[in-house]
Every structure is written in C-alpha cells, then in structure tokens.
Amino acid sequence: MRRVTLVEVFKHRITQKYLQRSGINHAVTVAEYAFDMAVEMGVGPDLATKSALLHDMGHYEWYRDGKWDYDEYRKSDIHAIKGAERAHKLLIRLGEDRLVAKEVSVAVLLHTDSYLPFGLDEKRTPLQHVVAKADEKDEQPMGLHHYKQMDKSHALKRLHDLDRKIEQVLTKNNDSA
Ligand SMILES: [Fe+2]
C-alpha cells in the first residue's frame with residue numbers, strides 16, 4: 001500500500017514552490033514517461049513516478065538580469081544535489097516510508113551526471129535508469145522544456161490518472177505474488 005500519492009506530493013507547498021521554477025509541464029510529463037518505462041522494465045511505478053515528478057525540484061537562480069543565462073547556470077549547477085535533499089525532506093514531512101524517501105532522493109541525485117567529473121552510464125540501478133531516460137525523453141535544447149506551460153488543475157488531473165494507474169499495477173502485482 002502506498003503511503004503518499006502523487007497528488008498529495010504535488011499539492012504540498014514545498015512542491016508548488018520549487019516546481020514552478022523548473023516547470024510543472026516537464027515534471028508531470030516525465031512522471032508519465034517514467035510510469036510507462038517502469039512498467040515495461042519491471043521497476044516499481046510508485047518510486048519511478050515520485051522520483052520523476054520531483055527530479056528537477058532542486059533548480060534555482062533561473063534568471064540573471066531578467067534573462068535566463070543557460071551557460072552560466074550550467075557551470076555552477078548542482079540542482080540534482082539540492083533536489084535530492086528537498087525531495088527527501090518533502091517526502092518525510094508527508095509521512096512517506098523512509099526507505100521510499102531514500103530511494104527517491106538517490107534517484108533524483110543521479111538523474112543527471114552533468115555536475116559530476118565522471119559519467120553514470122551503466123552504473124545506475126533500473127529505477128535510476130528509468131528516471132534519467134524519462135527526463136531525457138522530454139528534454140529540449142537550451143532547457144526549453146522547462147518553459148512549456150501547464151496549469152495546476154490540468155496537472156492535478158493527469159497526476160490523479162497516474163495515481164490510479166499505479167494503484168492498478170500494484171494491486172495486480174500483489175494479486176499475482
Ligand atoms: Fe529534467
């Protein structure tokens with residue numbers, strides 16, 4: 001049984017604050033991709049979608065002089081580290097299971113290797129792989145995927161649908177276990 005739903009995660013004020021910066025559209029779309037990939041690869045859809053929804057919540061300092069300076073941002077970027085910490089704090093506050101909070105946090109930390117002095121290809125667990133691939137699938141040049149619009153009510157509807165689909169998969173897996 002899941003302790004916390006995607007809708008609950010999304011509605012929390014911490015999520016609302018930080019997802020505005022990196023884009024609700026990107027977060028919801030990556031969560032949907034992660035669900036499909038997780039089911040395909042036999043990865044837990046609850047962990048995959050939570051990690052995907054929160055993967056970019058560590059983004060900060062989007063603008064310089066009213067303009068988005070992509071190159072400058074890339075140089076000093078540690079959004080995966082910040083995101084991992086924020087995601088963990090958020091999930092614990094929501095009453096999430098500690099192991100789930102840890103798995104999600106590490107998947108957020110490793111969803112990109114752009115800030116690391118080495119690559120992560122082949123080193124990721126299946127969960128971490130799903131989150132990285134789902135993110136890549138929605139990426140556009142110059143970070144444009146962060147600017148696609150989606151209003152909150154539409155995001156909630158899509159996350160509601162996703163929550164239902166996750167429950168169905170988990171129930172089915174339990175039945176066959
Ligand atoms: Fe992303």
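Values in this text are rule-based calculations from the coordinates and carry no lab data. Worth saying up front: this structure is predicted, and the values here are computed from it rather than measured. Here Cβ is always computed from backbone atoms with ideal geometry, including for glycine, and neighbour counts include all displayed protein chains.
When only the Cβ of Lys, Arg, Asp and Glu is charged (+1, +1, -1, -1), the dipole of the stretch 28-136 relative to its Cα centre reaches about 420 debye.
Here r is the Cβ-Cβ distance between residue 76 and residue 142 and R0 is 30 Å; the resulting FRET efficiency, rounded to 0.05, is 0.95. Rounded to 0.05, the FRET efficiency of the residue 173 and residue 99 pair, given R0 = 25 Å and the Cβ-Cβ distance, is 0.90.
3J(HN,Hα) along the stretch 83-95, derived from phi through the Karplus expression 6.51 cos²θ - 1.76 cosθ + 1.60 where θ = phi - 60°, amounts to x, 4, 5, 5, 4, 5, 4, 4, 5, 5, 4, 7, x Hz, with x in place of Gly and Pro. A simple rule links phi to the HN-Hα coupling: the Karplus curve 6.51 cos²θ - 1.76 cosθ + 1.60 with θ = phi - 60°, which for the stretch 28-34 gives 5, 4, 5, 4, 5, 4, 5 Hz, with x for Gly and Pro. Of the residues 96, 8, the one with the fewest other Cβ atoms within 10 Å heads the list, and the complete ranking is 8, 96.
Sorted fewest first by neighbouring Cβ atoms within 10 angstrom, 21, 3 come out as 3, 21. Put simply, the amide H of residue 69, placed in the peptide plane, has neighbours under 5 Å in 64, leaving out anything fewer than 5 places away on its chain. With K and R counted +1 and D and E -1, the other residues having a Cβ less than 13 Å from that of residue 151 yield a net charge of +4.
Listed by chain and number, the lysines whose alpha-carbon sits under 24 Å from that of residue 82, ignoring those within fewer than 8 places in the same chain, are 11, 17, 50, 67, 102, 123, 133, 137, 148, 152.
Using a/c under 1.5 as the rounded threshold, could you call the stretch 1-58 rounded, prolate or oblate? The axes a ≥ b ≥ c are square roots of the C-alpha gyration tensor eigenvalues, and prolate needs a/b larger than b/c, oblate otherwise. It is oblate, given that a/c is not under 1.5 and a/b is not larger than b/c. Protection proxy ranking, highest mean first, for peptides 116-125, 83-92: 83-92, 116-125, where packing is the per-residue count of other beta-carbon atoms within 10 Å, averaged. Here is the tail figure for the stretch 6-176: Cα pairs spaced more than 28 Å apart come to 17 percent of all pairs.
Answer with one residue from 20, 58, 92: the one whose Cα lies farthest towards the positive end of the charge dipole of the stretch 1-93, charges on Cβ with Lys, Arg +1 and Asp, Glu -1. Checked the options; the winner is 92. Residue separation of residue 157 and residue 12 scaled by 0.36 nm, minus their Cα-Cα distance, works out to 50.6 nm of gained length.
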